[in-house]
Amino acid sequence: MRRETPDCVSVNFDVPPNLKPEYEFLPGQHLTLKKTIDGTEIRRSYSICSRPEQGELRVAIKQVAGGQFSIFANEKLGVGDELEVMTPMGNFTLETAPQNSKHYVAFAAGSGITPVISMLKTVLQEEPRSHFTLFYGNRNTESIIFRDEIEDLKNEYLTRLSVHHILSQEDLGADLFFGRIDKDKSQRFCTRLLDVLDVDAFYLCGPEPMIFAVKSTLLELGVDEKNIHFELFTTPGASAGILNKAWASKQGIGTSKITLTLDGNTFTYNHDQPSETILDAASKTVADMPFACKGGVCCTCKAKVLQGEVEMEVCYGLERDEVEAGYILTCQSHPKTETVVLSFDE
Ligand code: FES
């Protein structure tokens with residue numbers, strides 16, 4: 001365990017040798033951790049901050065007000081403790097190839113740096129001709145997670161890594177870097193400091209306002225949407241706002257017969273509360289349904305629709321081609337047809 005800032009700890013897991021292949025990961029992926037605290041099972045997803053070839057499986061956990069798991073991790077978790085850890089997941093990834101000569105740009109805020117630092121270290125180490133530019137927003141210098149590590153990387157890769165810190169509560173004397181990464185700032189960064197059409201891929205990770213400010217700026221400047229990747233922060237159980245289609249106002253179908261396959265077992269039940277998600281309804285019948293964030297981000301609850309139709313409230317975690325192939329996030333899905341057949345095994 002390592003203290004990264006006064007309110008953020010990073011935790012490295014010692015994976016049993018026989019399980020190592022299952023815990024291989026791509027930079028940007030996350031782990032879901034399970035722990036029973038005060039009699040309640042808590043699941044939280046945290047991005048991996050180590051580099052795949054580094055020989056570590058490390059996540060950073062920032063303490064948030066009222067966050068049961070993050071408080072436990074920051075105040076009680078100790079070396080030698082055991083946690084249940086699901087295998088790495090997530091589509092917010094970057095794949096490297098040694099012959100690449102690319103320019104990657106990331107915008108991160110707060111603990112949004114966690115998947116980004118894994119990507120950044122991987123690119124610098126494994127693509128000797130590629131460049132990485134990081135815009136990183138925080139409250140003040142003290143709250144910058146991985147500050148020393150980033151400084152060391154800047155010194156080691158002087159010509160290939162550019163880092164711009166943006167602080168909201170500490171004025172370092174340059175107006176451009178004082179405040180939050182909002183629409184105005186992102187426009188100024190993208191026109192003054194970058195040639196956005198020359199960038200191969202953008203990675204955005206942070207709260208919703210930052211993601212949508214940067215994304216809309218990039219689209220306005222002509223960046224192809226397929227080159228913009230993002231991962232949103234969300235609090236467990238909360239639906240994010242901007243893309244939320246206000247499901248509650250819609251007329252759901254009365255009762256649907258749901259058949260689902262999970263780990264080779266098939267279950268059938270009636271879904272008769274239209275406002276309830278498929279995940280929540282299924283959890284009444286099926287033990288140990290897979291989920292973590294319940295916010296449409298982590299993809300732990302992903303399934304494929306084999307028959308029938310569903311509608312999702314939000315869908316941040318899936319790529320467009322996955323949606324086209326019939327994949328859904330069951331924590332965000334409501335049945336639209338009288339029969340729906342799903343598989344979690346495909
Ligand atoms: S539980 Fe995270 S996307 Fe559904």
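For the reader, a short list of remarks on this structure follows.
- Probe 1.4 Å, all protein chains present, accessible-area order of R44, R180, R160, R2, largest first: R180, R2, R44, R160
- Virtual spin-label span in nm between Y23 and E346, 7 Å along Cα→Cβ: 3.2
- When you restrict to C-alpha pairs under 8 Å that are six or more residues apart and normalise by the size of the chain, the relative contact order lands at 14 percent.
- Taking Cα centre as origin and charging only the Cβ of basic (Lys, Arg, +1) and acidic (Asp, Glu, -1) residues, the dipole magnitude of segment 247-343 rounds to 120 debye.
- Per residue, the accessible area of segment 103-232 comes to 41 Å² when a 1.4 Å probe rolls over the protein heavy atoms.
- Segment 2-85 - percent relative contact order, Cα under 8 Å, separation 6 or more: 32
- Calculated translational diffusion coefficient of segment 103-232 (4 °C, 1.567 mPa s; Stokes-Einstein with Kirkwood radius over alpha-carbon pairs) equals 89 µm²/s.
- Cut-off under 5 Å, modelled amide H: who pairs with Q273 long-range: none
- Computed extension length for K257-A325: 22.3 nm, one decimal, from 0.36 nm per residue of separation with the Cα-Cα distance subtracted.
- Cα-Cα over 30 Å, subset of K226/K302; K20/K336; K34/K154; K20/K257; K34/K215; K35/K336: K20/K336; K34/K154; K20/K257; K34/K215; K35/K336
- Charge dipole magnitude, Cβ of K and R +1, D and E -1 - segment 103-232, Cα centre, debye nearest 20: 140
- All other residues whose Cβ lies under 12 angstrom from that of K185 are scored, Lys and Arg at +1 and Asp and Glu at -1, for a net of +1.
- Solvent-accessible surface of segment 269-346, averaged per residue with a 1.4 angstrom probe and all protein chains in place: 41 square angstrom.
- As a fraction of the 1.4 Å probe accessible area of the chain, surface on carbon and sulfur atoms comes out at 46 percent.
- Exposure ranking of D182, D272 by accessible area [1.4 Å probe, largest first]: D272, D182
- Computed 3J(HN,Hα) for segment 57-68, one whole-Hz value per residue from the Karplus formula 6.51 cos²θ - 1.76 cosθ + 1.60 where θ = phi - 60°, is 10, 10, 10, 10, 10, 8, 6, 10, 4, x, x, 3, glycine and proline marked x.
- The tail of the calculated P(r) for the chain, taken as Cα-Cα distances beyond 36 Å, holds 23 percent of the pairs.
- Candidates A65, A303, A106: whichever shows maximal mean-square fluctuation once the chain is modelled as a Gaussian network with Cα springs under 10 Å: A65
- For the chain, size of Cβ-based charge dipole, Lys and Arg +1, Asp and Glu -1, in debye: 440
The values are calculated or read from the model by the stated rules, or taken from the named source; none is laboratory data. None of the values given here were measured: they were computed from a predicted structure. Cβ atoms come from the backbone with ideal geometry, glycine included; neighbour counts cover every protein chain shown. The protein model used for the area step is the full one, side chains on, heavy atoms only, and it has no ligands, DNA or RNA in it. Shrake-Rupley method; radii C 1.70, N 1.55, O 1.52, S 1.80 Å.
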